[in-house]
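Single-structure report; data block below.
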Amino acid sequence: MQHEIIESVTRVQAWMVSYLGNLLDIPHENVDVTLAFDQYGLDSAATVAFTSDLGHWLETKLDSRLMVDHNSIQAVSSYVGEAFGTAVPA
Amino acid sequence: MSETRDFDPMELGPEQTDHGAVPVGITVDQGRLRGPQKVHAIAIAILPAIGTVAALWIAFTQGVSTLDLALCAVFYSITMLGISVGFHRQFSHRSFKTTTPIRVALAIAGSMAAQGSVVYWISNHRRHHQYTDKAGDIHSPYMDEEREMGIIEGFWHSHMGWTFDHSMTNALMYAKDLYRDPAIARVNQLYYVWVFGGMIVPAVIGGLATLSWWGAFTAFLWGGMVRMFLCYHFTNGIDSVTHIFGTRPFKSGDHSTNNAVWALPTMGEGWHNNHHTFPSSAVFGLTWWQLDPGAWLLYGLKSVGLVWDIQRPSEKMISDKQKVES
């Protein structure tokens, strides 16, 4: 079970790294998962849209304040990976 | 130095297939942001209006100083040039190139209007161009989402009504380029600093010039409140007035008009039918008598080398469009 959650967290993190890298046009290896979203220049309009797209990928509706309450890729992916477990798409 | 034009700012969302439905994905549910958005919309609609009534009452009972009128005029011009030349011609349409310090200055000046942050404003404006006066246009006098409106309701909706309860434009669909621009993304994040700064700076000038709290207060009223009231209604009139009243020399495929009355106080924005016909043009006044202060600023900056690649339609492009009309 623990192993599955770690895998889910990794998949969410990879999806978010790829999303943010494409959005800001920066190489994915340069995306720092511990950096706060506002350090990347994002505002609430951006994190709301980012959250909405993450929700589409997970086929669910996420709280609009997800990325305020969990303010980095690492924080969001830990939370979402644990909450959704094996429901996270491969 | 400047952004390269690697996309067409007007073709970001999905195509409009018919007049009936709002295209999918152009908005996001802002959830709990809806509350703060409504508070902002009500505040900018009401507070400067109250401040303007107070300023006029004081002016009629006790007079008004030349300094206060000058602060109003100067801060009005700075803010409206920020909206027209910055938010509109530079950031929405990329219609000229300039240096980063000037882009930052324009973004700050436009933010002082309190019409939303640069990303919010540009997202809405690009969406307006893509779906002008059809379903999907956020502030058309003719369509509210998928519902047609009569003239009075339409005027209200396009002028102010839309601001109070609209679904949020998908900023990541419409304004990715601004997030990729670190200096502008930072100005965007500091939006409220510029809004309050635009009210505090005139008050400080008035207070220091008169060495009195009363002088600071009346300067705040004229340089802050009256200025924002005028900016709000003249800018919103571009969405309402110049989509209803005026002439349509070009067939732009929408209801946009040229309106000489609206042109000067909006820094040239009143030539709105010209703009919707040639959206990538940095110049809105296409004849010598179509006054366009925004374009004068651009040519002034160009003469000292701070602005370049000013887009403008050729005479042939203009006459070709007029032929389509006749």
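We did not get these values from a lab; they are worked out from the coordinates using the rules stated. The model shown is predicted, which means the values in this text are computed figures rather than measured ones. Cβ atoms come from the backbone with ideal geometry, glycine included; neighbour counts cover every protein chain shown.
Look at region A:8-60 and say how many of its residues are of a type in the set (S, T, N, Q) and surrounded by 15 or more Cβ atoms within 10 Å (Cβ to Cβ).
Qualifying residue count, region A:8-60: 6.
Which numbered condition in (1) farther than 21 Å from residue B:92 by Cα; (2) within 14 Å of chain A (Cβ to nearest Cβ); (3) surrounded by 20 or more Cβ atoms within 10 Å (Cβ to Cβ) is the only one that residue B:226 fails?
(2)
Hand me the list of helices (runs of 4 or more DSSP H) wholly inside region B:24-114 holding 3 or more residues that are closer than 28 Å to residue B:263 by Cβ and within 14 Å of chain A (Cβ to nearest Cβ).
B:100-111
Name the helices (runs of 4 or more DSSP H) wholly inside region B:163-208 in which the number of residues that are facing another protein chain (nearest Cβ under 10 Å) and basic (Lys, Arg) is 1 or more.
B:176-179, B:182-189
Filter region B:116-143 down to the residues that are in contact (Cβ under 8 Å) with a residue 60 or more places away in the chain and within 14 Å of chain A (Cβ to nearest Cβ), then identify the one that is nearest to residue B:178 (Cα to Cα).
B:119
Take region A:44-90 and flag every residue that is within 11 Å of another protein chain (Cβ to nearest Cβ) and either assigned to a loop (DSSP other than H, G, I, E, B) or in contact (Cβ under 8 Å) with a residue 60 or more places away in the chain (or both).
A:61, A:62, A:63, A:64, A:65
Residues A:33, A:9: which one is part of a loop (DSSP other than H, G, I, E, B) and either basic (Lys, Arg) or away from chain B (no Cβ under 11 Å) (or both)?
Of A:33, A:9, the one residue that is part of a loop (DSSP other than H, G, I, E, B) and either basic (Lys, Arg) or away from chain B (no Cβ under 11 Å) (or both) is A:33.
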